[in-house]
Amino acid sequence: MKLKIRSMAIFAMIFSALGCTAQNNKADDSLSGDSFTSANGKNIKCFCIKHGSVRMQIGDRWVYVDPVTDAVAPTTDYTDMPKADVILITHEHQDHLDSVAIRQLTKSTTLLITNQRCNELLSGKGKVMRNGDRTEVFGEITIEAVPAYNKSADRLQFHPKGRDNGYVLTYDGFRIYVAGDTEDIDEMKAVGNIDVAFLPCNLPFTMSPEQLLNAANTIKPKVLYPYHFGQTDMQKVKDLFGGKKNAVRF
């Protein structure tokens, strides 16, 4: 089965138009990877693949979020990438849930984490996490499932409250927030203390540029990747965040 379906002074802001457009869909680690170090000197690396697909090297572990093959162009061959230690799926839409990508990345010890609906579509495969759930994997990475939903009256049909997940991963005190498909919801106030955030910006499904700014001001991440931005005018996003010419990498 194939499923398709405050200001700039407060936080150091990086906009990435590798942005999860269409780059780094091969395994070459020289492409598009950003490196970070935890307070105790442990290594974290983040890669945008395309759209809502992200991979992270957290210590010695590989974590993928919403990998898709051909539901979003260009087709991505995950067989060229390191096998996953953890695969996180935010929700069931075809640009986030793809059983082919999951199969390409899975090894015998891979942990698949989904929401309830994805688990059903995958015939019971994977561990279900609901909003508010927390788990620790490999004795070193904590994963929290956080709300992701639409709040605008004209968008409620896309991502209803309580169904979908965003995820916060904590490793040696370093915290990564992958928001999934969401607007600038009140629950973001509780996320807090984020080093790297991936926030979506595309109407009508997620946030407008103005909502993205509000979400960033709420979360105050040290590094921000706008992702899943579709046809969003990224120049407008750049201007909203102070027009820093070197802040956006196109």
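Each value in this text was obtained by applying a stated rule to the coordinates, not by laboratory testing. None of these values were measured; they are calculated from a predicted model. Every residue, glycine as well, gets a Cβ built from its backbone with ideal geometry; the counts of neighbours run over all protein chains shown.
Some notes on this structure:
- Using θ = phi - 60° and Karplus 6.51 cos²θ - 1.76 cosθ + 1.60, couplings along the stretch 224-238 (whole Hz; Gly, Pro as x): 10, 10, x, 9, 6, 9, x, 9, 4, 6, 5, 5, 5, 4, 4
- Prolate/oblate/rounded label for the stretch 118-222 (Cα gyration tensor, a/c 1.5): oblate
- Restricting attention to the stretch 170-250, the count of lysine pairs at 8 or more positions apart or across chains with alpha carbons under 23 Å apart stands at 12.
- Highest mean packing first, where packing is the average number of other Cβ atoms within 10 Å per residue, the peptides 66-75, 174-183 line up as 174-183, 66-75.
- Taking amide H atoms as placed 1.01 Å from N in the peptide plane, the amide H of Ser152 has no partner under 5 Å among residues 5 or more positions away or on other chains.
- Residue by residue, the stretch 190-204 carries 3J(HN,Hα) couplings of 8, 5, x, 6, 9, 7, 10, 10, 10, 10, x, 8, 7, 8, x Hz when phi is fed to the Karplus relation 6.51 cos²θ - 1.76 cosθ + 1.60 (θ = phi - 60°); x denotes Gly or Pro.
- Each label point was placed 7 Å from the Cα along the Cα-to-Cβ direction; for Leu240 and Lys42 their separation is 3.4 nm.
- For the peptides 130-136, 94-100, residues were scored by their other Cβ atoms within 10 Å and the scores averaged per peptide; the highest-first order is 94-100, 130-136.
- Phi-based couplings in Hz for the stretch 93-103 (Karplus 6.51, -1.76, 1.60; Gly and Pro marked x): 4, 4, 8, 9, 10, 9, 5, 5, 4, 4, 5
- Eligible aspartates and glutamates near Lys125 by straight Cα distance, threshold 16 Å, same-chain separation 8 or greater: Asp66, Asp85, Glu92, Asp98
- For the stretch 106-250, share of DSSP beta bridges that run antiparallel, in % to the nearest 5: 65
- Sum of side-chain charges, Asn193 neighbourhood, beta-carbon under 11 Å (Lys, Arg +1; Asp, Glu -1): +2
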